[in-house]
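Have a look at the structure below before the remarks.
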Amino acid sequence: MQPYLKYLVLSGGIFVFSCSAQETLSEQVQVLDLKNGDRITAVIISQTESSIEARTRFGTITIPLGEIEKQTAIESVSEPEPTSAEESPAEEAPAEEEATPSEVPPVEGEIVQEEQLSFAKKFFANLGGEVQLGLDAGFGASDYMNYYGRLDVTHGQDRWKNIWHGMLTYGKNKGEVSADKLDSSYRLEYDVTADKFFVYFEPTGGYDTVREIDYYYTAGAGLGYHILKKEKISLDFSTGGSYQSYHYENEPTRDDMYIDFEERFSWAIAKDLNFNQKLTFSPQVDDWSVYRATLEAGLSWGFYKNMTFNLTLIDKYDSRPSEGIDKNDMQLVSSIGLKF
């Protein structure tokens, strides 16, 4: 696929998806039922893997996802105006006239019927994510230009969590292609217990032209444990297995089974400053000297409304790459993001 076509498809998809999601969520009112019995009416501003940021009549608050028992999206929540006997004297209404159903005053404590929402509205009400775009360029003795695009989307409901990830990098150095790769993944998690154990299923796919990988795909599953699950900090560990298929330009295809170890850490350092880190280690089942490892760590600073500045380090290591290719591949990127 030609580079410009890949950019066109990815950019168009990101633009349409983010615009539609943001428009749907911008004014969506939700009722949050917490595990401690509290009930909060709010508008969801943004959502991460561990918490959501919501706007209430008392101000903006951050709520851990683990403390939310149920999310119900509604169009509006209104309270009936208080009435008293003095303001509505009985003699003003004819005693003999039977009140129609529309004139019957609401019974105290009556639950307001919520509007039935379509599937799309229910889906987008629990959806959050971020689009990131970056450009690194230099002109002089060595001209280079690198483009970077990333899309992260999360959707959580009850004990289920869906995580979509896509990252595209393309660059040229002295007129020659120095980077041309795509990595994408989908992760489905289910909390077996409310705060500790979870199971996951995760397929991935992509390509890397510079590293002579025509395309690759994997499919894995396993068991995880929430070591920490607090309001501002979380730490997860999981282990499982995966089938990995790598198709190279100049070498035979490699289809092998791997054991997967993964650690994820997130920390809300300050109100608008967050740190996220992920480490994976995958040795081959029958030969642990053959393995793949990935380290990703990044800082995100929310500097204006839903906009963020991001600095991310991505380091991939393959103990058995294609012949003539370095084992280590490090990428340091900066980008501007838009949360929805």
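Values in this text are rule-based calculations from the coordinates and carry no lab data. If you're wondering where the values come from, they're calculated on a predicted model, not measured in any experiment. Neighbour counts are summed over all protein chains in view; Cβ atoms, including those assigned to glycine, are modelled from backbone coordinates with ideal geometry.
Of the residues Phe265, Phe275, Phe281, which is under 20 Å from Pro203 (Cβ atoms) and out of contact with any helix residue (DSSP H, G or I) (no Cβ under 6 Å at 6 or more places or on another chain)? Don't jump to the end; show me each part of the working.
Details: Phe265 fails: under 20 Å from Pro203 (Cβ atoms); Phe275 fails: under 20 Å from Pro203 (Cβ atoms).
On inspection, the qualifying residue turns out to be Phe281.
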| task | Being under 20 Å from Pro283 (Cβ atoms) and among the hydroxyl-bearing types (Ser, Thr, Tyr) is the filter; apply it to region 295-335 and report the residue that is nearest to the chain's Cα centre (by Cα). | result | Tyr317
| strands (runs of 3 or more DSSP E) lying entirely in region 120-189 (those with 3 or more residues that are among the aromatic types (Phe, Trp, Tyr) and surrounded by 16 or more Cβ atoms within 10 Å (Cβ to Cβ)) | 144-157
| task | For region 219-273, name all the residues that are farther than 21 Å from Ala297 by Cβ and basic (Lys, Arg). | result | Arg254
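Free of Cβ contacts under 8 Å to residues at least 12 places away in the same chain, farther than 29 Å from Leu135 by Cα and hydrophobic (A, V, I, L, M, F, W, C): which single residue out of Leu228, Leu188 fits that description?
Values: Leu188 fails: free of Cβ contacts under 8 Å to residues at least 12 places away in the same chain.
The conditions single out Leu228.
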| message | Anything in region 314-334 that is assigned to a strand (DSSP E or B) and either touching a Lys or Arg at 6+ places or on another chain (Cβ under 7 Å) or within 30 Å of Tyr258 (Cβ to Cβ) (or both)? List them, or say none. | response | Ile314, Asp315, Lys316, Tyr317, Asp318, Asn328, Asp329, Met330, Gln331, Leu332, Val333
